[in-house]
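Okay, so here's the structure we're looking at.
The values are calculated or read from the model by the stated rules, or taken from the named source; none is laboratory data. Fair warning: this is a prediction, and the values are worked out from it, not measured in the lab. Note that each Cβ is placed from the backbone with ideal geometry, even for glycine, and that neighbours are counted across all protein chains shown.
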Amino acid sequence: MSSDTSSWALHVPKSERKRYERAPRPERERIVAALDELARDPRVATNVEPLTEERAAFRKRVGDWRIFFDLHDNVRLIEIVAIKRRTSTTYRKH
């Protein structure tokens, strides 16, 4: 990820990393680029929307994929909650 000193730390759980690493190469590359964009500044990244009544506070759209994440401003940390392919059940509560 980005090494800029003004960037945010990015925590991607191993389970979520495995999920997107199984995606076809072009999709995987887009997801990695989106994670890099988030790490630079999640507040100005494209296709980011705040969520209500969801497990995560924000969602970033990357083609057919969604990156769900929380921000911890005090330590400049982006905590990835889930990386999922968009389906009819993506936003269903579990």
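Restricting attention to the stretch 33-76, the residues that are in contact with a strand residue (DSSP E or B) (Cβ under 7 Å, 6 or more places away or on another chain), free of Cβ contacts under 8 Å to residues at least 12 places away in the same chain and under 24 Å from THR87 (Cα atoms) total 2.
Residues that are part of a loop (DSSP other than H, G, I, E, B) and of a type in the set (D, E, K, R) were ranked within the stretch 44-93; the one that is modelled with the lowest pLDDT is LYS93.
Quick check on the stretch 7-31: of everything there that is under 15 Å from ALA82 (Cα atoms) and in contact with a helix residue (DSSP H, G or I) (Cβ under 8 Å, 6 or more places away or on another chain), which residue is surrounded by the fewest Cβ atoms within 10 Å (Cβ to Cβ)? Break it down into steps so the answer makes sense when it comes.
Just the residues of the stretch 7-31 that are under 15 Å from ALA82 (Cα atoms), to begin with: 10-23, 28, 31.
When the remaining residues are screened for being in contact with a helix residue (DSSP H, G or I) (Cβ under 8 Å, 6 or more places away or on another chain), the result is 10, 12, 20-21, 23, 28, 31.
On the way: LEU10: 17, VAL12: 17, TYR20: 22, GLU21: 11, ALA23: 17, ARG28: 14, ILE31: 22.
So, considering only residues that are under 15 Å from ALA82 (Cα atoms) and in contact with a helix residue (DSSP H, G or I) (Cβ under 8 Å, 6 or more places away or on another chain), the one surrounded by the fewest Cβ atoms within 10 Å (Cβ to Cβ) is GLU21.
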